[in-house]
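Asks: Sharing a structure with you now.
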Amino acid sequence: LFGNMEPKLSAFWIDGSQVNGVFMESPNEEDTAAMKAIATKQPTVDMAALKAATTADEALKIVANA
């Protein structure tokens, strides 16, 4: 977990730099669609960019666009 997770919380399960799972507390419909795509694609993510995220929404966008 990175950044300020108020009012949302997001978590990513990562092996090396490949995302294996994703969770977000209180997602909206757009967030849920992004999480489904991430779970299916299991992208390789830029860990430095993810660590620099300051919100749950920003982290989700970084992973979704990987």
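The values are calculated or read from the model by the stated rules, or taken from the named source; none is laboratory data. Model, not experiment: these values are computed from the prediction. Cβ sites come from the backbone with ideal geometry, for glycine too, and all protein chains shown count toward neighbours. All accessible areas refer to the heavy atoms of the entire protein, side chains included, with ligands and DNA or RNA removed. Shrake-Rupley method; radii C 1.70, N 1.55, O 1.52, S 1.80 Å.
Asks: For the stretch 6-15, give me the residue count where each residue is open to solvent by 60 Å² or more (accessible area, probe 1.4 Å) and in contact with a helix residue (DSSP H, G or I) (Cβ under 9 Å, 6 or more places away or on another chain).
Replies: 2
Asks: Across the stretch 21-30, what is the number of residues that are open to solvent by less than 70 Å² (accessible area, probe 1.4 Å) and farther than 11 Å from Lys8 by Cα?
Replies: Adding up the residues that qualify gives 2.
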